[in-house]
Amino acid sequence: MLSLQLDEFMIELKEGSIKNVGPANKDATAKLYDVDAVDVREFGDKRVKLAFADDEGNEVEVALFPDAAREVARGIEMLEDESGIFE
């Protein structure tokens, strides 16, 4: 399941084209639940790409610099050691 929250978001549809309407102060939050596929790969010369997909065809990709990718890996290792979630 993909959840999108878009704040201050308005677009104009005109003759098949999408155009931003209003100021550029938009915010968005995307959440993907029930992930059934994960891919980790190099992205360009300096980043790591994490790709997550569910069985409905929704996909979220995140490109991280190495320090942020290491922080994610450390966080998962900490949960494995300290939490019962992986049991």
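The values are calculated or read from the model by the stated rules, or taken from the named source; none is laboratory data. Just so you know, these numbers come straight off a predicted model, no measurement behind them. Cβ: placed from backbone, ideal geometry, glycine included. Neighbour counts: every protein chain shown. These area figures cover heavy atoms from the full protein model, side chains too; ligands, DNA and RNA do not enter into them. Shrake-Rupley method; radii C 1.70, N 1.55, O 1.52, S 1.80 Å.
A few remarks follow.
- Annotation note: Cβ proximity below 6 Å between a residue of segment 29-45 that is on the phi > 0 side of the Ramachandran plot and a residue that is open to solvent by 90 Å² or more (accessible area, probe 1.4 Å) and assigned to a loop (DSSP other than H, G, I, E, B) (sequence gap 6+ or interchain) occurs for ASP34/MET1.
- Considering (1) in contact with a Ser or Thr (Cβ under 8 Å, 6 or more places away or on another chain); (2) closer than 19 Å to ALA69 by Cα, the lone condition that LEU4 does not fulfil carries the number (2).
- Segment 22-51: number of residues that are within 13 Å of the chain's Cα centre (by Cα) and over 15 Å from ALA69 (Cα atoms): 7
- Note on segment 3-64: enclosed strands (runs of 3 or more DSSP E) holding 2 or more residues that are open to solvent by 100 Å² or more (accessible area, probe 1.4 Å) and at pLDDT below 95 are 11-14, 17-20.
- So GLU77, is it open to solvent by 60 Å² or more (accessible area, probe 1.4 Å), more than 23 Å from LEU2 (Cα to Cα) and without any contact (Cβ under 8 Å) to a residue 40 or more places away in the chain: yes
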